[in-house]
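Enquirer: Structure provided below as structure tokens; questions to follow.
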Amino acid sequence: MVEKREYVKRLGVFLHQNGTTMSITELADHLKRNHFKTDSGADYEGGRGTYGFISTTYDWLVAQGQQAEADSVAKAFTKPDGSYAY
């Protein structure tokens, strides 16, 4: 199984390349459907934990030298008002 940060990277890049976005609540539902859990073993619910996960994934990608992918993740996932979640 793909590691969850890698999974979200691929999803974020796909969304960004296709000019689309996904809300944080949609991402949480998507992660649950695909059996990804928080570090504490809970389901993602679309709250602070999901926002934090996007932020840590962004930072992880930057540390890996993948700035373009990090930017895609930052732009792919949105708050309910449509603004970027990162």
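Enquirer: List the number of the failed condition for A68; all other conditions in (1) within 15 Å of F14 (Cα to Cα); (2) hydrophobic (A, V, I, L, M, F, W, C); (3) in contact with a helix residue (DSSP H, G or I) (Cβ under 8 Å, 6 or more places away or on another chain) hold.
Expert: Failed condition: (3).
Enquirer: Now a separate question. Just checking, how many residues over the stretch 70-86 are among the basic types (K, R) and at pLDDT below 90? Steps first, please.
Expert: Taking the stretch 70-86 as the starting set, the residues that turn out to be among the basic types (K, R) are 75, 79.
Among the residues that remain, those that are also at pLDDT below 90 are: 79.
Of the residues in the stretch 70-86, 1 are among the basic types (K, R) and at pLDDT below 90.
Enquirer: So which pairs qualify, if the first residue must be in the stretch 1-26 and over 14 Å from Q66 (Cα atoms), the second must be open to solvent by less than 70 Å² (accessible area, probe 1.4 Å) and β-branched (V, I, T), the Cβ gap must be under 6 Å, and the two must be at least 6 apart or on different chains?
Expert: Going by the 6 Å Cβ cut-off, the qualifying pairs are T21/T78; S23/T78; I24/T50.
Conditions (1) under 10 Å from the mean Cα position of the chain (by Cα); (2) without any contact (Cβ under 8 Å) to a residue 60 or more places away in the chain; (3) under 14 Å from E6 (Cα atoms), marked per residue:
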| position | (1), (2), (3) |
| --- | --- |
| F36 | no, yes, yes |
| E45 | no, yes, no |
| G49 | no, yes, no |
| G52 | yes, yes, no |
| T57 | yes, yes, yes |
| V62 | no, yes, yes |
| Q66 | no, yes, yes |
| F77 | yes, no, no |
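The values are calculated or read from the model by the stated rules, or taken from the named source; none is laboratory data. Quick caveat, the model's predicted, so the values are computed rather than measured. Reconstructed Cβ throughout: ideal geometry from the backbone, glycine too, with neighbour counts over all protein chains shown. Note: accessible area is taken over every heavy atom of the protein model, side chains too, but ligands, DNA and RNA are not part of it. Shrake-Rupley method; radii C 1.70, N 1.55, O 1.52, S 1.80 Å.
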